[in-house]
Structures are given as C-alpha cells and as structure tokens.
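Contents: one structure, followed by commentary.
The values are calculated or read from the model by the stated rules, or taken from the named source; none is laboratory data. Note that the coordinates shown come from a computational prediction; the quantities given were computed from them, not determined experimentally. Cβ: placed from backbone, ideal geometry, glycine included. Neighbour counts: every protein chain shown.
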Amino acid sequence: MSKSTLIVIDQPPYGAWAGREALDMAFSLAAFDQRVSLLFMGAGVNWLRKSQETSEIEQKSVEKNLSAAPVFGVEKLYADAAACDQYSLFPESMIAGVVITESSSELIRQHSHTAFAG
Amino acid sequence: MAAIPVQNYTLVITGAPYSSQAPQTALLFAEAAITAGHTVDRVFLYGDGVHLASALVTPPSDESHWPALWAKFLTDNAIPGIACIASALRRGLVNESEQKRYALPASNLLDPFTIAGLGEWVEGTMTSSRVIYFHGGG
C-alpha cells in the first residue's frame, strides 16, 4: 500500500471550525505532493451541497474552498452513503465529482494514514 | 513477550487545555512512550491545541499548569513543540516576529514552543513511524 492519507470531515461546514482546518490539512499534504483524499461523514456531508448561500450568516462559503480541492491535487472526495441519506443529500444537489461510499471503514483501511481535525 | 519495535512518534494536539483533556492525555502518552524507549520526534499543536503554547495561561495554583508542564517536558527531552501559524494567529497566539509583522501590542508564545506552518505536520506524517492525534472531542 503506497502511503496515502484520508482526511475525515465529520463536522458541519458552519457552526464549527474544525472542518475548515481539516481541509487546510488536506491542501497542505497535496502541496507537498503527498497522496490525500477527503471523506465526508456525519454532518460533514453538508459541505458537499451545491449553491450554498452564506451572506446572511456573514461567513465565507466553504463551497469555493472545496471546489479548489482537485486543483490543489486532492485525489478524491468521498461521501458516506448513510450520512447522505440521513441529511437528504442527493447526487443532484451535490457538487460535481463526489464518490459515494457504502463502507467508510473499508475506505479507511485502504489508506495508510487517517486524520480528523478535531 | 516479544519486544515492541521502537517507534518514533509525531503527536498532534487539537484540543485546548482547560476545555479538553487532550494536552494532559498527550503528555501522559509522551512520558510513557519515552519511558518505554520510544522517541517523540515533534509535537504539533493545531486548531484549539495552540492555546497550550500561550505564556499567559494562569490556572489557579491548585490546578495543573499544562503549558508549563509541557514546556518543561519538551525542554528536558529536547523535543520540538510547534504551533500551526494559521491556527495560532486566528486565536491570538503570536511570537515576536508576528507581533512586529502585524503591529500587535504584545506577544505571548511560551518558550520552547515555536510557530511554523502545516508543513511541519506533513513532515511528521512522512518521517515518523506513527502519528497520534489528541482531540478535544465534543
């Protein structure tokens, strides 16, 4: 197994900061040419919603940050299927390029290193 | 019992002292690892974990002073303790050079902690045999 990192985001995009810092970890690995993918699970799948409108809460939308992931060299964006169901997040309301995974535990096994931001 | 192979650890602390147990658990882990003959390459503070490196933390005298205990452990064992610069600046933890850069009224980084980028964590993931995370939870 070649060395690769799975960064897990399990917190919602707004109301918590840890997800943003987890995204920075992923970008940082990619900047150093390390293999990295992101897994969104739990409330974290809400990161993947299209057309987020955040002006009313005076926060920057995370959508633009996340759309930069492939550009920075993040290999894959995974979403946990059960969490998508739980939050009624369907493929048509998701940003492009997300891979739905039925087994997060299998995904974690496929990577040599897993990290949560907090 | 077969001997446990010697590990060299990078420890990542993301939970703040006094709002989580992460710094305490990490310190006990680090002490146990060194006692058992392992090494700790570096300690990286990320997110709320950067509060551990504040020189202004002042708990009541009958409570453990986690920043001071960590600073002594790092110094005694010559282990680098690094606070992520982006996390630190957001939370008001600055060294003298960042104080000058942003024209701030004070600096508060506790010796021997330093401030650096996430590249230090990336290097840990590349070179240490294990990277262990201590989160605030909740």
Worksheet item: Taking the stated definitions as given, is B:I132 part of a loop (DSSP other than H, G, I, E, B) and either modelled with pLDDT under 95 or surrounded by 13 or more Cβ atoms within 10 Å (Cβ to Cβ) (or both)?
Response: no
Looking at the stretch B:13-22, can you tell me whether even one residue there is farther than 22 Å from B:E120 by Cβ, at pLDDT 95 or above, part of a helix (DSSP H, G or I) and away from chain A (no Cβ under 14 Å)?
no
Counting only residues that are out of contact with any helix residue (DSSP H, G or I) (no Cβ under 9 Å at 6 or more places or on another chain) and touching a residue at least 60 places away in the same chain (Cβ under 8 Å), the stretch B:27-46 contains a total of 1
If we keep only residues of the stretch B:31-47 that are outside any loop (DSSP other than H, G, I, E, B) and more than 29 Å from A:W17 (Cα to Cα), then the residue farthest from the chain's Cα centre (by Cα) is B:T35
Checked B:V50, B:V40, B:V57 against criteria (crowded, with 16+ Cβ neighbours inside 10 Å, closer than 14 Å to B:L110 by Cα, more than 14 Å from chain A (Cβ to nearest Cβ) and among the β-branched types (V, I, T)); the one match is B:V57
Scanning the stretch A:22-35 for residues that are in contact with a Lys or Arg (Cβ under 9 Å, 6 or more places away or on another chain) and not in a helix (DSSP H, G or I), the one farthest from the other protein chains (Cβ to nearest Cβ) turns out to be A:R35
Counting only residues in the stretch B:81-100 that are polar (S, T, N, Q) and surrounded by 15 or more Cβ atoms within 10 Å (Cβ to Cβ), the one farthest from the other protein chains (Cβ to nearest Cβ) is identified as B:Q99
Picking from A:F32, A:F40, the residue that is surrounded by 13 or more Cβ atoms within 10 Å (Cβ to Cβ), within 30 Å of B:E123 (Cβ to Cβ) and under 9 Å from the mean Cα position of the chain (by Cα) would be A:F40
Of the candidates A:E56, A:E63, A:E106, the one satisfying the condition of being at pLDDT below 95 and in contact with a Lys or Arg (Cβ under 9 Å, 6 or more places away or on another chain) is A:E63
Within the stretch B:104-138, of all residues that are without any contact (Cβ under 8 Å) to a residue 60 or more places away in the chain and polar (S, T, N, Q), the one nearest to B:P17 (Cα to Cα) is B:N108
